[in-house]
Every structure is written in structure tokens, then in C-alpha cells.
Amino acid sequence: MSEVTEGRRGARKARTREDIREAAQRLYAERGFDEVTSADIATAAGVAVQTVFNHFGTKEELFFAGRTPWVDGMARAVVERPPDTDPLTALRAYLEADLVARLEHEARPESRSYVEVLSRSPVLQARERSLVELAATRLADALLAAIPADSYAGIAQRADPVTAQVLAQLSGSLFLVAGRTLVLAHRRVLLDPAADEAARRSVARLITAVLTMLEDGLRALARQEFAAPTG
């Protein structure tokens, strides 16, 4: 198969995938996630049901397609951080930028249906929680690998393996919990008819303060534990 033919085939697959995603999002907004079947999506997109499953394993995967870069993004920010950049600093910078962008995106009128559909579906909420757990696991692994690799938290390493693992898991989990708390608070404001723009901005203003406090606190804890005798 020539490169031109392969390129055209890839473009058709990408177009089909996007057609399926757009049809699904339209149906979800009109009827609600739980009321839409895979057959409904296939019909709306003009494809076979099997084609839907060829591109998306589940309806939940289809709903979140393209909307969860943070699942891998936080771990990648730690792994691919610039030289001489502390892992906690890299993580905080990534998450701060991601949260600012996400809150701004979800506040747009065209994103309203996404927030509403998610708020009405326990299935989607459970799926989102599982994605948070997956992100936390990947992030903890990245932080754990960073501990012996260089000057984590700005100090030389003398942490025993158990302490290192606990600190990596704690750091990842706390950042994830903080981020999720802010996102959920912002969504509640968006869905509250009585809330105004000032209420939305009040959530956004907390991002930097919360993440900076977490970074400083975790760094202080790491310094304390890494400096402690391990014998």
C-alpha cells in the first residue's frame, strides 16, 4: 500500500471517528447519556454499530473522547519536565494551566450541554472518578521514579523505599483531589441559576492559591522525611 493510499485511509478513519463523536455528543445533549444507545449513535453517524465499537470501546469512552488529556498529562509533565525543574513545580505548573483552561472551556455556552449531561448521569460520574484514579496511579509512578533520579523537592535523596512510595502517592493524590474539588465546585456554580459570574470567578481565583499551598506543603514534608535518618 502506497503512502498516499495509507494517508487517505487514515484521513477517512479520522473523519469517521469524528462523525461518530459529533453524532454522539448531539444525541447525548438532546436525550441524556443513559437514554442513547450505540445503535442510535450509529444511525445518526451513518455507520454500522460495529464501526462505532471499532473506534470506541464503550459509550463512556465515546463521551469523554478528547476531553481528558490530564489523565496522562500530569505524569507526562513530571517525566518530561525541563532540566533542573523540580517534579512538584512541574506538576503544579501543568495542573494550574490545565485547570484554568478547563474552567474557562466549561464556562462557555457551547460546553453547557457537556456539564449538564455529566451532572445527570451516575454512570458518567463513576467513569470520571475512575479516570481520576487512573491519573493518580500514573502520576504517583512518575513521581516515584523522579525521587532517586535527581534532586526531588530541592534536596539530596536519602528516603527509604516505603517513605518514597508514600510521598509519591500522597503528592499525586492530593493534587488530583484538589483539582477535582475545584472542577466540581465550578460545575455546581455553572448549573446554579442563581449564581453569577462573580461566583464562577471566585472558584477560578482559588486555583493558584490552593496548588501553591499544596506544592509548598509537600515540599516541606519531603524535606523533613528525606532528611530524617532511615536506620
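Every number in this text was worked out from the coordinates using simple rules, so none of it is lab data. The structure displayed is predicted, hence computed values, not measured ones. Virtual Cβ from ideal backbone geometry, glycine too; neighbours counted across all protein chains shown.
So for the chain, averaging the separation of alpha carbon pairs under 8 Å that are six or more residues apart and normalising by length, what relative contact order in percent results?
20
Please report, in debye to the nearest 20, how large the charge dipole of segment 70-227 is about its Cα centre when each Lys and Arg carries +1 at its beta carbon and each Asp and Glu carries -1 there.
Using Cβ point charges on Lys, Arg, Asp and Glu, segment 70-227 gives about 360 debye.
Give me the log10 of I(q) over I(0) for the chain at q = 0.11, 0.15, 0.17 Å⁻¹, as the Debye formula computes it from C-alpha points; what are the numbers?
Relative scattering, expressed as log10 I(q)/I(0), comes to -0.70, -1.03, -1.16.
Using the Kirkwood formula over every pair of different C-alpha atoms, what hydrodynamic radius in Å results for segment 1-98?
Averaging 1/r across every pair of different Cα atoms and inverting gives 15.9 Å.
If packing is taken as the average count of other Cβ atoms within 10 Å, what order do 63-76, 186-199 fall into, highest mean first?
63-76, 186-199
At 222 nm, what value in deg cm²/dmol follows for the chain if DSSP H runs of at least 4 each add -39500 (n - 2.57) and the sum is divided by all its residues, to the nearest 500?
-26000 deg cm²/dmol
For segment 3-58, what class follows from the C-alpha gyration tensor (a ≥ b ≥ c being the square roots of its eigenvalues): rounded when a/c is under 1.5, otherwise prolate if a/b is larger than b/c, else oblate?
Prolate, because a/c is 1.5 or more and a/b exceeds b/c.
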